[in-house]
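> Here it is, the structure in full.
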Amino acid sequence: MNRRTFQLLGDEELGQACFDPLIQRYKEEQTLGNDFTTLFNQLTRGQQALFVFQVYYLHATESLTEYYWWSAYFLATGERWAGLKASLRYFGEEELLDILESTEKVLVDTGHPLKLEQFDLSRDHLHQHPKLLAAIEVLEERYQAVVPGACKRIAAYIRSHPDEFIHLEEDTLTI
């Protein structure tokens, strides 16, 4: 990416531009049946944090149901949930981390699976349990209120540390 494009991108576009090559590689590895772990471990810490955050954010922000389902799914994977929380710590997003830890407590207290092998939740599970729905609604509303600011701060972090996320090319003038 050239410096001019980097500077002109809006916050959400910048996050997406840094994420797109990562998710493309992930999809390529998945298509080939390869484990993404090796490639993931070769990413910078910033790229790792952005990748995990973006995967969750792009799904969880869609609706209450998606927030619930993706939170429960990440929690069941263990590693992804831990990675998501680590990414929020990396970017200094303590308020968002607090919301996810509260979500984790609700899920654990209501007996949600903590292992992927046990995960079989349908997306309509939430609406079949009124107390769970009430608790998750409050947390999802807080999440939706906080996440735009988090995205702006993450974009500011990327702008301050571009080498952790992309290779900037010098702008060239052609005559």
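Every number in this text was worked out from the coordinates using simple rules, so none of it is lab data. Since the model is a prediction, treat every value here as computed from it, not as a measurement.
> So what are the ³J(HN,Hα) numbers for the range 60-76, from phi and the Karplus equation (6.51, -1.76, 1.60; θ = phi - 60°), rounded to whole Hz, Gly and Pro as x?
Values per residue, Gly and Pro as x: 5, 7, 4, 5, 4, 4, 5, 4, 4, 5, 5, 5, 5, 5, 4, 4, 5 Hz.
> Something else: Given the DSSP H assignment, sum -39500 (n - 2.57) over each helix run of at least 4 residues in the chain and divide by its residue total; what's the result at 222 nm in deg cm²/dmol, nearest 500?
Only helices count here, giving -23000 deg cm²/dmol.
> Find how much the distance from Ala82 to Arg4 grows on full extension, using 0.36 nm per residue of separation minus their present alpha carbon separation; answer in nm with one decimal.
Between Ala82 and Arg4, full extension yields an extra 24.5 nm.
> Taking the Cα atoms only, what angle lies between the long axis of helix 79-90 and the longest principal axis of the chain, rounded to 10 degrees?
Once rounded, the angle reads 60 degrees.
> Any lysines with Cα under 16 Å of the Lys131 Cα? List them, leaving off those in the same chain fewer than 8 positions away.
Lys105
> What aspartates and glutamates could a cross-link reach from Lys27, if we take a straight Cα to Cα line under 13 Å and drop same-chain neighbours fewer than 8 places away?
In chain and number order, the partners are Asp35.
> Within straight cross-link reach of Lys85, meaning Cα distance under 13 Å, which aspartates and glutamates are found once same-chain residues fewer than 8 apart are removed?
Qualifying aspartates and glutamates at Cα under 13 Å: Glu93, Glu94, Glu95, Asp98, Glu101, Glu104.
> Which shape class, rounded, prolate or oblate, goes with the range 23-153 when its Cα gyration tensor gives a ≥ b ≥ c as root eigenvalues, a/c under 1.5 marks rounded, and past that a/b bigger than b/c marks prolate?
Oblate, since a/c reaches 1.5 and b/c is not below a/b.
> Rounding to the nearest 10 and keeping the result within 0 to 90°, find how far the Cα-based axis of helix 11-31 lies from the longest principal axis of the chain.
For 11-31 against the chain, the angle is about 80 degrees.
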